[in-house]
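The values are calculated or read from the model by the stated rules, or taken from the named source; none is laboratory data. Predicted, not measured: the structure shown is a model, and the values here were computed from it. With ideal geometry, Cβ positions are generated from the backbone for all residues, glycine too; neighbour counts draw on all protein chains shown. To get the accessible areas, we keep the full protein, side chains included, count just its heavy atoms, and leave off ligands, DNA and RNA. Shrake-Rupley method; radii C 1.70, N 1.55, O 1.52, S 1.80 Å.
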Amino acid sequence: MKQTSLIWMLLGAFLALGVPAARATAQGVGTVRGVVRDSTSQQGVPGAQVALVGSNRSVSTDVSGAFVIAGVPEGSAVLRIQKIGFAQLTSRVSVSSGATVTQDIMLQPVITTLSQVVVVGYGSSNRADVTGALTTVAVNQIQGTPIAGVDGMLSGKAVVGRPTTG
């Protein structure tokens, strides 16, 4: 009898000590949703990456720039938003357990100019460092071309001939 009561007493003490610790570590979660927009055109930015900093959670925006991240721990969270052609942005949100927070984001477009760069099958180099047959496509030949990719803009513009020096 004494062993049984001792076991129950130890089990009760263990549960009494273990439950508050489990409650302290349990944390509610919420959802963050929003739309990523271009600050100049006010249009949605499709394909932007929205990441929850400090975790491995990230999503891409849909065709209208909308995103949803579920399972965000309650409290203060930081989102990192990035897309090629735009300045990276971080945004702080406050998430409540079971709630959905709406966080709309405005990304600033960034115009980047390139120097003469040569893309080869295994990397890229400065034009002056590469030997062999090269061709040049002037900016005015491709400027304003309504093609989504660089390969489409260059198609038919490269002239085969004597390479110029960089």
Over the Cα atoms of segment 40-94, how large are the radius of gyration and the largest Cα-Cα distance (Dmax), in Å?
11.5, 33
Local electrostatic count, Q103, Cβ distance below 13 Å [Lys/Arg +1, Asp/Glu -1]
+3
Residue by residue, what Karplus-based ³J(HN,Hα) values in Hz, rounded to whole numbers, does segment 89-99 have, using 6.51, -1.76 and 1.60 with θ = phi - 60° and x for Gly and Pro?
9, 10, 9, 9, 10, 10, 10, 9, 4, x, 9
Skip the ligands, DNA and RNA, and give the accessible area per residue of segment 30-111 with a 1.4 Å probe, whole Å².
54
Under the rule of at least 5 residues apart or a separate chain, name every residue whose amide H is placed under 5 Å from the amide H of A66.
V36
